[in-house]
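The values are calculated or read from the model by the stated rules, or taken from the named source; none is laboratory data. Please read these numbers as outputs of a predicted model, since none were measured by experiment. Using ideal geometry, Cβ is built from the backbone for each residue, glycine included, and neighbour counts are taken over all protein chains shown. The area values use the complete protein model at the heavy-atom level, side chains included, leaving out ligands, DNA and RNA. Shrake-Rupley method; radii C 1.70, N 1.55, O 1.52, S 1.80 Å.
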Amino acid sequence: MAYENLLLEKEGNLAFLYVNRPKALNALNKDTLLEMKDAITEIKNDPEIDLLIISGAGDKAFVAGADIAFMQNLTAVEGREFGALGQEVFGMIEAMEKPVIAAVNGFALGGGCELAMCCDFRIASTKAKFGQPEVGLGITPGFGGTQRLPRLVGLGMAKQMLYTADVIDASEALRIGLVNSVVTPEDLMNHVKDIAGRILRKGKMAVRFSKAAVNEGMQTDINRSMTIEADLFGLCFSTEDQKEGMSAFIEKRTPQFTGK
Ligand code: DAK
């Protein structure tokens with residue numbers, strides 16, 4: 001499907017979703033979020049696609065936030081609806097079975113930082129900048145920032161970022177664990193594709209079950225989460241990839257996974 005505010009590209013088993021409103025630094029308005037909902041559904045249901053990379057079009061921004069011009073005159077009810085839509089779309093990304101990597105190429109502020117945080121992990125270019133500037137606009141983060149940021153970087157650092165609205169650079173984001181690595185802008189996509197390739201060469205269902213175990217386990221207590229892990233571990237033994245992976249090890253050869 002063609003989108004007005006997004007670019008969706010496919011390359012083998014990889015999908016690349018670019019937020020594409022460079023003139024507004026890829027800010028998210030309602031139409032863009034609605035398109036993202038469709039695009040995520042399309043990627044989720046595409047049997048050819050095993051991994052999604054999300055980035056921003058242009059060379060300046062990943063996503064500079066929710067669209068302030070769009071939000072400026074919202075009523076309380078419309079604001080709530082807009083927040084709920086963003087939460088729904090970001091929740092779909094987080095819950096998607098297929099791994100999702102954020103390739104953060106520039107400003108990731110407000111809703112942009114929140115978009116990056118709902119991905120499985122984040123790789124940044126040296127140009128990336130992160131922050132939750134909402135309190136400077138007289139609002140709170142509304143697309144999960146108050147919840148995902150403390151889970152990723154800890155309570156103290158999250159509260160400092162949320163209360164001060166300070167923008168941090170890529171090296172500081174690396175230091176606090178918000179991103180996994182920082183590379184030059186020229187190297188960003190190749191670096192992310194290299195990581196994606198290493199994931200795609202593993203047992204597909206094992207990767208998906210690992211994602212489910214982490215995501216579901218993090219929402220519950222340790223006893224329940226261990227049960228979730230045990231269940232998903234057990235489920236692996238219903239896959240052909242488990243048999244192939246273990247046979248290959250015993251036979252001292254490289255496994256030929258089929259994703260089944
Ligand atoms: N929204 C709309 N337009 C934006 C934008 C944004 N977030 N960010 C940038 N733009 C537009 C600018 O208005 C400008 O448009 P023109 O004037 O050219 O028409 C164009 O992009 C280029 O921006 P600048 O000229 O400002 O570029 P600079 O290099 O000088 O500065 C900047 C780049 C990223 C530092 C600056 O643009 C900036 O500070 N942008 C705003 C960043 C920000 O505050 N982001 C957080 C947005 S608030 C909720 C739902 C959602 C949310 C909260 C609650 N509920 C319903 C509960 C989410 C909130 C946010 O994300």
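Here are some notes:
- Residue in segment 149-163 that is more than 30 Å from Gly138 (Cα to Cα), in contact (Cβ under 8 Å) with a residue 12 or more places away in the chain and exposed (fewer than 13 other Cβ atoms within 10 Å of the Cβ) present: no
- Taking the listed residues Gly197, Gly234, Gly217, Gly259, the one that is at negative phi and in contact with a helix residue (DSSP H, G or I) (Cβ under 9 Å, 6 or more places away or on another chain) is Gly217, with no other qualifying.
Conditions tested, residue by residue: (1) near the ligand (Cβ under 7 Å from one of its atoms); (2) free of Cβ contacts under 8 Å to residues at least 40 places away in the same chain; (3) among the hydroxyl-bearing types (Ser, Thr, Tyr).
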| position | (1), (2), (3) |
| --- | --- |
| Gln72 | no, yes, no |
| Glu78 | no, yes, no |
| Ala84 | no, yes, no |
| Glu88 | no, no, no |
| Ala95 | no, no, no |
| Ile101 | no, no, no |
| Phe107 | yes, no, no |
| Gly111 | yes, no, no |
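- Tally, over segment 26-48, of residues that are within 16 Å of the ligand (Cβ to nearest atom), surrounded by fewer than 20 Cβ atoms within 10 Å (Cβ to Cβ) and not basic (Lys, Arg): 3
Conditions (1) more than 25 Å from Arg198 (Cβ to Cβ); (2) in contact (Cβ under 8 Å) with a residue 12 or more places away in the chain, marked per residue:
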{"residue": "Asn215", "(1), (2)": "no, yes"}
{"residue": "Ala230", "(1), (2)": "yes, no"}
{"residue": "Ala248", "(1), (2)": "no, no"}
{"residue": "Thr254", "(1), (2)": "no, no"}
{"residue": "Gly259", "(1), (2)": "no, yes"}
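- The one condition from (1) in contact (Cβ under 8 Å) with a residue 40 or more places away in the chain; (2) touching a Phe, Trp or Tyr at 6+ places or on another chain (Cβ under 9 Å) that Glu240 does not meet is (1).
- For segment 90-101, a tally of residues being of a type in the set (A, V, I, L, M, F, W, C), in contact with a strand residue (DSSP E or B) (Cβ under 9 Å, 6 or more places away or on another chain) and assigned to a helix (DSSP H, G or I) returns 1.
- Across segment 53-79, the number of residues qualifying as within 23 Å of the chain's Cα centre (by Cα) and farther than 19 Å from Pro185 by Cα comes to 4.
- Index of the failed condition, Arg198 passing every other in (1) free of Cβ contacts under 8 Å to residues at least 12 places away in the same chain; (2) outside any helix (DSSP H, G or I); (3) over 21 Å from Gly58 (Cα atoms); (4) of a type outside the set (S, T, N, Q): (2)
- Considering Ala64, Ala69, Ala57, Ala102, the condition of being touching a Lys or Arg at 6+ places or on another chain (Cβ under 6 Å) and of a type outside the set (D, E, K, R) is satisfied by Ala102 alone.
- Test: residue in segment 49-69 that is touching a residue at least 12 places away in the same chain (Cβ under 8 Å), within 16 Å of Gly144 (Cβ to Cβ), within 10 Å of the ligand (Cβ to nearest atom) and open to solvent by 10 Å² or more (accessible area, probe 1.4 Å): yes
- Candidates Ile168, Ile228, Ile222, Ile176, filtered to the one that is within 16 Å of the ligand (Cβ to nearest atom) and within 26 Å of Gln147 (Cα to Cα): Ile168
- Scanning segment 121-148 for residues that are part of a strand (DSSP E or B) and either open to solvent by less than 20 Å² (accessible area, probe 1.4 Å) or among the hydroxyl-bearing types (Ser, Thr, Tyr) (or both) yields a count of 6.
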